[in-house]
Amino acid sequence: MGFLNYLIFKEHNKTEEFVLRENKRRDCDTVHNAASLDVFEKEALEDDFTDCTVSDEILKKKISGDLGFNINVIKKIYKIPGNSDLVSRQFNITVADKVLKGFIVFIDGLTDRVSISNNILQPLMLLSNIDIREDVKNLGEFIYNRLLPFNQIKKVDNYKELVGNINFGGCGIFIDGLDYAFAADVKSWEHRTVSSPNSETVIRGPQEAFNEQLRANTALIRKILKDKDLMVEGTTVGKRSNTPCAILYIRDIANDSLVHEVIRRVKGIKVDYIFDTGELEQLIEDNTVLAAPQIIATERPDRVAMMLAQGNIAVVMDGSPFVLVMPATITEFLHTTEDTNIRYPYVNFIRIIRIIGVLIALLLPGLYIAVTNFHQEMIPTNLLFAIEASRENVPFPSVVEILIMEFSFELIREAGIRVPGAIGSTIGIVGGLILGQAAVSANLVSPIMIIIVAITALGSFSIPSFSMSFSIRLIRFAYIILGATAGFLGIALGLLVNSLMLAASKSFGVPFLTPFGPITNGKYSDKLSRKPIWKQENRPDYLNPKDIKSQPRISRSWTVKNNESEGDEDED
Amino acid sequence: MKTRISFGTWEAITVLVNLIFVQVLLSYPQDMAAFGGSAGWMIPVVSTLLILIYFSIIVALYKNIGSMDLLDISQKVGGKVFMVIMGFLTAGFLFFELSTGLGGFSQVLKMISLDKSPLGFVEILFLLGIICCAYFGIEAVVRINAFLLPAAIVGFLLITIGVIPQFKINNLLPILGNGYMPVVRGGLYKLSAFSSMIILFFLVPFFKSRYIKRVGYMTILISGLLLFWATLSFLLLYPYQISAENKVPVFQMAKHIEFGNFIQRIESVFVLVCSISSLLYLGVIFTFIIHIIKKTLSLKKSRPIILPVAILALTLSDKLKGMKIDLVNSRLSDLIWLVGLGLPLVILIPGALKKAGRRIEEGGGGNE
């Protein structure tokens, strides 16, 4: 029979083709502009309420004392039972021999169901039947004080706040006759635990990194600082997402106007959704076009803690493992937390290496092109012969050669990041070694160019900040073009324009090139080089902190006699 | 909210030092050899002493003026009309300096490095740099001087230190060269090297008048030292008869450096030093021309006039090249440049007599 199918015509089953139609026009204004919650009950508007979402105006309304009405509103807001992860449950409680109706609502998956059962439903449904020797003067207070043995619970009198709490792992509790609801913080969801940093690894220092949980992240910072004056101000960003954020600062160190500016910018964001601090960074930074980053994004709690102690401000956002710290100056992008933890001679040595790395990453390809095309006299004769011999069979001009190599390197780097771990490293090896070797053998590029690109790549890897590394990789291409166009004059022009752009930009009111342009006179000693830790007496003066002193002049009191040490402390 | 622009004394000093130091990269040591022969190295010393006297007079005049720039003082002295006249005179002087500098540096760089590129191309590169400077404004231009100029000076010192092994002390004999009169005359003529100090009188509102002494004296001493060292090392390297014929003297010096087999020729370092220094110099002059025009004509925005003024400067530079007079190295040009020192006196003397700044608060100088 199967054979006959090839001989006899048989019409195929028709599959219905999907057409993406425009939405049916629904006049949502009636719903959105509804002056009163009474419209919820009107049958004439039922279809409108089904299709239109509940507007902010209605969400801001006060909670009603009528339980049935509240249930109706909540069901409209969340479109229950259409929403499968929304759980609602009605129950009875007994207060002073009176049976009252109650109702809870929460989102499954975001909440701890055991906690809801044991600490909310069980006490309300069972404990309320026990004869409690107390007069019930106020029903709400009685329930709050006697029947809800849960630690994080608050009274909420409008739907907007309640819905915000429910969306962030809360449980809404309504009791008939109460014109407010209880919001219990029962959040519990699957999340990544605190692990070691991926992009800011250190040998000496803590090995903890932020995760995607706001409270865990703020706790990690508070755990390090242990300062009563650390402020964690909460707010939300995103009109729809209401993503919780925390703005952290030490209130007797951080400059007030700086704190206000950060809060103003964060609260001034008008977007529907925000998913990561990467988006937040772009929304609050001073200059969008400038290649260099103006805010530090770090995954290390110890780095945030150190910068907060200097007078910086941090913004933590729920769902992002990176915390933003501001203001940021150019030197801070070249620092790591390890710099503080390793000894003074080592750190200065490593910083010199890092600065050379930055210069190499930025200028080496451009300088190579400038020298080989315009200033050959600079190259020692033997080396010049070697370069010429290696380039003899290469058909491209050196600028095309280096652009091909740089582009290939960026391609390998991008491919290595995007593919899964084990294959990623394989791509690096294949791209770097095999492709490079093959390109040289095929006379597509000269061996010297491979060396130049490899050293440039090493230089860019030495930059601690991911964003700053990106910026330098980008600008490098401009230097290559300028070097190929006008030699050292082109490079000088590039340096001038680059410096102008950096000198003209500010990060939250602090010039980006501080403390070099403008030169600051303060005794802050952690600039490009670093003084010994016991000499770091001052906080950065460009942050205008309330308290400039971070330690007394003699911080190692054991180096002086007891009476002198005491005198010094008194003086400070 | 207006943002007040201010910068420190170091930034101001570096701006002014570069305006003077840049002469070294063109032909200053060569001119000194031509003026004074083997005693040419004394001319910068004489010029520096004379300019110190000039500046001490300025400081005395400024006591009654406060933190005002030349335009504010002009307005106090002779009203809006006088301010506009002085504004245009100053801008015109700086514009002339910009045009000659643009042509001069373009020719030098074309000659020593970009010999296959057309001169217009080199000029356009310079023009791009100065347009960027004016676009980003005085604050940015002044701040980058603070760290780019030291790098350029280190490069210059490397060149001059590199030729020390080839110095011949006999080149300085006879000690007084062609006699003391050419030295004194040269010292007077070459006061023109300090003519760009006119910019100082527009920087005052940004760093407050109480620092004018420090900025002025430090500028004169540092730049005087650099001029002296450049001339001395040039004369020590070449006999003055040859020195007077050498074009772009520091470049010629760089050609003599030998550090073993590996570093054989580092004259390209001069190209880098000259490029950075000249771009900064032209950038500062152009930015202040725009600032002066804006203030003189009470313009709300300065960016729309940047491109037209830049194109005018390029055009004038081309026209000047067509003229037979050497406006960079001739004695006539030295006299023209002295206008830069005379103009401030014309404004400051009546300003001081009228005690123009008595009622003005510190910092009130239209620098917002």
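Taking only the alpha carbons of the stretch A:214-328, we obtain Rg and Dmax values of 13.1, 39 Å in that order.
Exposure proxy shown here: for A:GLU388, A:GLU285, A:GLU299, A:GLU190, the number of other Cβ atoms within 10 Å sets the order, fewest to most, as A:GLU190, A:GLU388, A:GLU285, A:GLU299.
Stretching A:ASN72 away from A:LYS561 to a fully extended chain increases their span by 168.4 nm, per 0.36 nm per residue minus the current alpha-carbon distance. Only Cα sites of chain A enter the Debye sum here, all with the same form factor; the resulting log10 I(q)/I(0) across q = 0.12 1/Å is -1.19, listed in q order. Charges on Cβ only, +1 for Lys and Arg, -1 for Asp and Glu, centred on the Cα centroid of the protein assembly as shown; of B:TYR28, B:ALA140, A:GLY164, which one is farthest towards the dipole's positive end? Farthest towards the positive end: B:TYR28.
Trypsin sites (Lys or Arg not before Pro), restricted to the stretch B:97-172: which are DSSP loop and have at most 10 other Cβ atoms within 10 Å? List each step's numbers first, then the result.
Details: sites: B:LYS110, B:LYS116, B:ARG143, B:LYS168; in loops: B:LYS116, B:LYS168.
Answer in residue order: B:LYS116.
Projected label points at B:LYS168 and B:ILE311, each 7 Å from Cα along the beta carbon direction, are separated by 5.4 nanometres. So if I take the centroid of the Cα atoms in the stretch B:106-169 and the same for the stretch A:181-230, what is the distance between those two points in Å? Cα centroid to Cα centroid, the span is 51 Å.
Over all pairs of different C-alpha atoms in the stretch B:63-221, the reciprocal of the mean inverse distance, the Kirkwood hydrodynamic radius, equals 19.7 Å. Taking the Cα centre of chain A as reference, the dipole from Cβ charges on Lys and Arg (+1) and Asp and Glu (-1) amounts to some 700 debye.
Please compute the Kirkwood hydrodynamic radius over the stretch A:346-511, one decimal place, Å, based on all pairs of different Cα atoms.
Details: mean 1/r = 0.0581 Å⁻¹.
That comes to 17.2 Å for the stretch A:346-511.
Can you give the FRET efficiency for A:SER257 and A:ARG215, using 1/(1 + (r/R0)^6), R0 = 35 Å, r = Cβ-Cβ distance, to the nearest 0.05? Walk me through the intermediate numbers first.
Numbers: r = 28 Å, r/R0 = 0.81.
Efficiency, from the Cβ-Cβ distance: 0.80.
With neighbour counts taken as other beta-carbon atoms within 10 Å, the residues B:ASP72, A:ASP179 rank, fewest first, as A:ASP179, B:ASP72.
Shown in residue order for the stretch B:286-299 are the 3J(HN,Hα) couplings computed by the Karplus curve 6.51 cos²θ - 1.76 cosθ + 1.60 at θ = phi - 60°: 5, 4, 6, 4, 4, 4, 5, 4, 4, 6, 5, 8, 6, 7 Hz (x for Gly and Pro).
What relative contact order, as a whole-number percentage, does the stretch A:422-562 give when Cα pairs under 8 Å and 6 or more residues apart are counted?
Values: 83 pairs, mean separation 12.7, N = 141.
RCO, the stretch A:422-562: 9 percent.
Along the stretch A:390-401 the Karplus relation, 6.51 cos²θ - 1.76 cosθ + 1.60 evaluated at θ = phi - 60°, assigns HN-Hα couplings of 6, 9, 3, 9, 7, x, 8, x, 4, 5, 5, 4 Hz to successive residues, with x for each Gly and Pro.
Over every Cα atom in the stretch B:28-353, the radius of gyration and the widest Cα-Cα span, Dmax, amount to 20.2, 67 Å.
Counting only other chains, what is the mean number of Cβ atoms within 10 angstrom of the Cβ of each residue in peptide B:147-160? Present the calculation step by step, with values, prior to reporting the outcome.
Numbers: counts 6, 6, 0, 0, 1, 1, 0, 0, 0, 0, 0, 0, 0, 0.
Going residue by residue through B:147-160 and averaging, the value is 1.
Along the stretch B:267-273 the Karplus relation, 6.51 cos²θ - 1.76 cosθ + 1.60 evaluated at θ = phi - 60°, assigns HN-Hα couplings of 5, 5, 4, 4, 4, 5, 4 Hz to successive residues, with x for each Gly and Pro.
Stretching the chain fully between A:ASP179 and A:ALA438 yields a gain of 85.6 nm (0.36 nm per residue, less the alpha carbon separation).
Label-to-label distance, A:ILE404 versus A:LYS546, with points set 7 angstrom from Cα along the beta-carbon direction: 6.2 nm. You can think of it this way: the chain between A:THR426 and A:LEU474 has 14.8 nm of extra reach, that is 0.36 nm per residue less the Cα-Cα gap.
Across chain B, C-alpha contacts under 8 Å between residues 6 or more apart give a mean separation that, scaled by the residue count, equals a relative contact order of 42 percent.
Just flag the chymotrypsin sites (Phe, Trp or Tyr not before Pro) in the stretch A:148-238 sitting in loop per DSSP whose Cβ has no more than 14 other Cβ atoms within 10 Å.
On the way: sites: A:PHE150, A:TYR159, A:PHE168, A:PHE174, A:TYR180, A:PHE182, A:TRP189, A:PHE210; in loops: A:PHE150, A:PHE168, A:TYR180, A:TRP189, A:PHE210.
Those that pass, being in a loop and sparsely packed, are A:TRP189.
Taking other Cβ within 10 Å of each residue's Cβ, how do A:TYR273, B:TYR217 sort, fewest first?
Numbers: A:TYR273 12, B:TYR217 15.
Going from least to most buried by this count: A:TYR273, B:TYR217.
None of the figures in this text is laboratory data; all of them are computed from the coordinates on show. Just so it is clear, the model here is predicted, and its values are computed rather than measured. Neighbour counts are summed over all protein chains in view; Cβ atoms, including those assigned to glycine, are modelled from backbone coordinates with ideal geometry.
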